[in-house]
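Data block below; observations after.
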Amino acid sequence: MKKNRIFIIGFILPCLLALFVMYLYPVVRTVAMSFFGIESVTSDVSNWTFNGIDNYIKIFTSPTFQRAMRNVLIIWIIGGIIILSIALLFAVILTSGIRFKKFFRAAIYMPNIISAVALATMWIQYIYNQDYGLLNQILSTLGLEGKNWLGTDMKFWAMLGAFCFGAVGYYMLIFINGIERIPADLGEAATIDGANKVQQFFQITLPLLRSIFKTNITFWSVNCLTFFLWSKMFSPVSTEASTVVPVVYLYDTVFGTVGNVQRDAGAGAAIGVVLAIIVGVIYFVMNKLLKDDDLEF
Amino acid sequence: MKKKVISVLLAAAMVTGLVAGCGSSSGSGGDSGSSDEGGKQYDGVELTYWSMWTSAEPQGQALQEAADAFEEETGAHITFEWKGRDIKNILSSALESEESFDLFEDDYTRITGNYVDYVADLTEMADAAGYADKSYQVFNDVVNENAGFLACVTEQPSVGGVFYNKDIFDDCGITETPTTWDEFMEACQTMKDNGYQPMALDSTYAPFWFGYHLARTIGEDATADLAVNGGWSQNEGVIQAADDIIEFVNAGYLADGAPDEYPASQNKMGIEQNVAMVVCANYVTSEVNQNSGTELNWGLFAYPTVENGADSTSTFAGANSIAITSYSENQQAAFDFAMYIVTGEQDQNKADLANQIPADPNNTAPASQAGTTEVLEATDAPLTWNMGLNENADLMSVIQETVVKLYEGSYATGADFAAAMDALY
């Protein structure tokens, strides 16, 4: 038994050390950095100057950070409603016994295995392009005037639409897994009792998907707060207000931008801490709101 | 027993893997300038070069060719690490931890601003090599002013202004490039009357153009001050500059769809060949040629002056440059290789391959860069990127949006634009 314990410790220790070095240390360092004035992210501690909560005051009074938070809030709420609704709809359809289920499932999921860079390029160059893009071609065919989909007033929504297109499949798969877990006899019993498909969906499927909703909303929240690549693709040379999100603001703050070499790793750390707290709060709220341990099936 | 043996072996394999994964590659070795068997100047010297290019890009190919030729001549072996444009995100950390590399490339404002404590002073070596006669003084002056010493050598100069299709100008009978805003507007009207679209504009370069116009009107320092502190509405020059742009847009001189998404509008210069000009830096010419598969007859003229303007001569000029780490053990060999790249035959080769301005003024610019070297030679006080509009890092993105809206026709008057700018503070 004693020898077994030594082996267990021997195997766990490297993982534990790796966890401390690669996870806990950066977290602690980032939290500490957020209270100091630091130019370079890897500056020696001797070069740090204590700032108190100035970094937090700076980011919360920054119009760009406020805009970034507003953008991500809209992505979270409106994008979330669109993506989770469509994902749930597709999941219900694909688990209802339709033909070619595997094909449709693969087709809807496919954008997730294509590089987001390629996807964004496709949307920007081939769908939103003013002159030969798909949308304006359709409008032209209908005799309507084309639009600058990537102008300042529409760019955010263009980015959100393109992102939603690629994200549905991921959440759909999780919903499918949740629906398939529900015993078929519940539906059969409901059918015998006279419930139609819509009633079965709202009275049986939805309540039993509560834990899946919690998982999906948590994943979606984390994805929103780490939203980066699509924003970069829709503002390729320099960051634009219409598509800025917190992680892009963090990136620019820490590394500087085109034409401006100012860097502030302390403020960058403060942004990281704020985002981490938001994720924690969302997780806590979801756990409180959607309890999944009161239903057994 | 058997299980224990397997467990020990697995644990040993894991530890070995960890140790191997964490190990660093051997750094630059050899003594500077030593020559033992081959008799070449740098036999046995190993240099590591962190490049902002990739090996597939023409700049990367030119660098590799230069390295091969340098090794043939001097015996020094250069190992490239192709970091790409994101090199700026890792350089600080790498330099602070004295990672083993000898040379690196980046924008010279970052070298002289962010990495200045970790780069070698090249002044003496440059003097000995006669670098002043093989480089544009304007960049050396900026480097010396920002860093306090020669912190890097210019590898890829860039210059901004109005790049135009000479064939369209010829077709419209415009024999003299415009020098004032009024002449510029007249030229645009002539082009429009001849069925051409005068100006391409992608939204990402809108602040560059408007920054130029503001710099001509009120000067770069005043623009930078406004960007930091606000007060745009109190400055008559801002209102006048915005009114000029509004007049330009309302006259229909922008290309169809402009301001467009980069690089759609500038590409029209090559694809449709009915768009005459673009306000940008010189790399726009090779981008358009490459994207459209054409070879336009490019020309460049300085951004027009405005009446009673504060600055009628300054030009945007920037550079990607090569610096040498302060802890490199082979600084002389590294400097000699840097000089090998940025002067003479290899510099010409790089300029031709990558369609860029040669770093050595004694070399000849490729056709797509026609006129750039003359503008650079005439520049002594370069404007920065976006001419002061970028001075406020925290407001850059919202300022950019407001400027793009100016070109989208969202403001009826310059005063409206100035008020919108002030609302950002």
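Can you pull the mean other chain C-beta count within 10 Å for peptide A:57-67?
Working: counts 0, 1, 1, 0, 1, 4, 8, 9, 1, 1, 3.
Taking the mean over all residues of the peptide, I get 3.
Going by neighbour counts of Cβ atoms within 10 Å, the residues B:E105, A:E145, B:E329 line up, fewest first, as A:E145, B:E329, B:E105. Under 5 Å from the amide H of B:L150 lie the amide H atoms of B:L122, B:T123, each residue being 5 or more positions distant or on a separate chain, with H modelled from the backbone and absent for Pro and chain starts. Inter-chain Cβ neighbour count for B:380-391, averaged per residue, equals 2 (cutoff 10 Å, partner chain atoms only). Peptide B:257-268 is shielded by partner chain Cβ atoms: per residue, an average of 5 of them sit within 10 Å of its Cβ. When the label point is put 7 Å from the Cα of B:E295 along its Cα-to-beta-carbon vector, which residues of the range B:349-387 have a backbone N closer than 19 Å? Those under the cut-off are B:349-358, B:364-372. Percent of Cα pairs in the protein assembly as shown per distance bin of 10 Å, from zero to the largest separation: 3, 12, 19, 22, 20, 13, 7, 3, 1, 0.
Note on A:F60 and B:D243: with the Förster distance fixed at 51 Å, the Cβ-Cβ geometry gives a FRET efficiency of about 0.90. Taking the convex hull of the alpha carbon positions in the range A:54-289 and averaging its projected area over all directions gives 16.3 nm². The DSSP beta bridges internal to the protein assembly as shown are antiparallel in roughly 60% of cases.
Could you line up A:L150, A:L94 from fewest to most neighbouring Cβ atoms inside 10 Å?
In order of increasing Cβ crowding within 10 Å: A:L94, A:L150.
For the range B:228-237, backbone phi angles converted through the Karplus equation (6.51, -1.76, 1.60; θ = phi - 60°) give residue-by-residue couplings of 7, 9, x, x, 4, 5, 7, 9, 4, x Hz, Gly and Pro being listed as x. Karplus-based coupling profile of the range A:161-167, in residue order and whole Hz: x, 5, 5, 4, 4, x, 9, with θ = phi - 60° in 6.51 cos²θ - 1.76 cosθ + 1.60 and x standing for Gly or Pro. The slack between B:S312 and B:D416, meaning 0.36 nm per residue of separation minus the straight C-alpha distance, is 34.8 nm.
Annotation: amide H of A:N129 within the under-5 Å range of A:L134, sequence separation 5 or more or interchain, hydrogens built in the peptide plane.
Under 5 Å between amide hydrogens, built in the peptide plane, is the criterion, and for A:F36 it picks out A:N51 among residues at least 5 positions away or on other chains.
Calculated mean residue ellipticity at 222 nm for the protein assembly as shown: -16000 deg cm²/dmol, from DSSP H runs with n ≥ 4 weighted as -39500 (n - 2.57), summed, divided by the residue count and rounded to 500. Using only alpha carbons, the range B:222-263 has a radius of gyration to Kirkwood radius ratio (Rg to Rh) of 1.12.
Listing B:T315, B:T112 from fewest to most neighbouring C-beta atoms within 10 Å gives B:T315, B:T112. Measuring between their Cα centroids, the range B:84-123 and the range B:166-202 lie 43 Å from each other. Given a Förster distance of 56 Å, report the FRET efficiency between B:D117 and A:F7 from their Cβ-Cβ distance, rounded to the nearest 0.05. The calculated FRET efficiency here is 0.70. Reported to the nearest whole Å, the Cα centre-to-centre distance from the range A:97-169 to the range B:51-67 is 36. When only alpha carbons are used to place a centre, the range B:124-138 and the range B:385-415 end up 39 Å from one another. Here the 3J(HN,Hα) profile of the range B:191-197, calculated from phi with Karplus coefficients 6.51, -1.76 and 1.60 at θ = phi - 60°, is 5, 5, 5, 8, x, 9, 9 Hz, Gly and Pro shown as x.
Each reported figure results from applying straightforward, stated rules to the coordinates on display, with no laboratory input. What you see is a predicted model; the values in this text were computed from it and never measured. Heads up, the Cβs are rebuilt from the backbone with ideal geometry, glycines too, and the neighbour counts pull from every protein chain shown.
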